[in-house]
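Take a look at the structure below.
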Amino acid sequence: MMEFWESSFIEKQTMWGFEPTDSAILTKDFFLEKNVKDILVPGIGYGRNAKVFIDNGIHVTGIEISKTAIELAKQQGLDIPIFHGSVTDMPFDHKLYDGIFCHALIHLLNHRERDKFIQDCYNQLMPNGYMVFTTVSKKAPMFGKGKQLDKDYFETMDGVKIFFYDSDSIKQDFGQYGLVEISEIEEPSKNKKSAPPIHFIMIKCKKE
């Protein structure tokens, strides 16, 4: 599976493009408002969301499972520390960050992995730090399609397993981790203007 992902990565990055997501731009504004200066980005990919933080004076550390993605980030001039490995193996360091941003990753994990990932992120937050996640919503058109593996958990035709969140499951998973806000956002496909937007939920938590 990993070999297939690596081999198809360059093709996929063309689909995503290099512009930051709207979620990253909104989170950048939020972090600046809250004076967040040092963030961890699990699942940083090839860094398309990192630059908007760096350009605004925020230090970024990444985690990424794909060596291809890390190399591509370096080719794009991204000179930041990126740990190579899966977010399920966190923590990679014992540093505390005042912000964490994770876009479109948590819904790819199973229940046990999601629980551990949220707790690991929370454990790496400084007191009064913020973590922001985006995840696919049950309002997304692909919800309910493919092979059902569990409640709100489906395997698509190309073998991708996705858990679809709603406000109830967010409160259940994030309620004990300083959940402060749930909002909906439609992410446009910036590299394929004709593609329909994807329905996401943005989740904000604060560590007291």
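Laid out as a table, the results:
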read-out: Among L40, L78, L26, residue whose mean-square fluctuation peaks in a GNM of the chain (springs only between Cα atoms under 10 Å); value: L26
read-out: Segment V180-T88, extension gain: residue separation times 0.36 nm, minus the distance between their alpha carbons; value: 30.7 nm
read-out: Most fluctuating residue given options G175, G85, G99, as computed from a GNM of the chain linking Cα atoms under 10 Å; value: G175
read-out: Cα-centre dipole for the range 2-206 with unit charges at Cβ (Lys and Arg positive, Asp and Glu negative), debye to 20; value: 220
read-out: Potential extension, L32-F18 segment - 0.36 nm per residue separation minus Cα distance; value: 2.8 nm
read-out: Selection from Y165, V136, N123, by position along the positive dipole direction of the range 117-208 (Cβ); value: V136
read-out: Structure-based [θ]222 nm, the chain - -39500 (n - 2.57) summed over DSSP H runs of at least 4, per residue, nearest 500; value: -8000 deg cm²/dmol
read-out: Hz values of 3J(HN,Hα) by residue in the range 43-48 - Karplus curve (6.51, -1.76, 1.60), Gly and Pro given as x; value: x, 6, x, 8, x, 5
read-out: Cα-based shape type of the range 47-134, given that a ≥ b ≥ c are square roots of the gyration tensor eigenvalues and the cut on a/c is 1.5; value: oblate
read-out: Förster radius 35 Å - calculated FRET efficiency between Q119 and K147 (Cβ-Cβ, nearest 0.05); value: 0.75
read-out: Of K28/K139; K95/K151; K34/K171; K139/K204; K34/K67; K138/K206, pairs whose Cα-Cα distance is over 30 Å; value: K95/K151; K34/K67
read-out: Relative contact order of the chain, defined on C-alpha pairs under 8 angstrom at six or more residues apart (%); value: 19
read-out: Fraction of alpha-carbon pairs over 28 Å apart in the chain - percent; value: 22
read-out: Cα→Cβ-extended label distance, 7 Å offset, between L96 and E155, nm; value: 4.2
read-out: Antiparallel bridge percentage (DSSP; both residues within the range 59-208; nearest 5); value: 70
read-out: Highest-MSF residue in the chain out of E33, E184, E113 [GNM, Cα springs under 10 Å]; value: E33
read-out: Gain on full stretching of the segment that runs from N128 to N110 - 0.36 nm per residue minus C-alpha separation; value: 3.7 nm
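Laboratory data are not the source of any read-out in this text; all were calculated from the coordinates shown. Note that this is a predicted model, so its numbers are computed, not measured. Cβ coordinates were reconstructed from backbone atoms using ideal geometry, including for glycine residues, and neighbour counts include every protein chain displayed.
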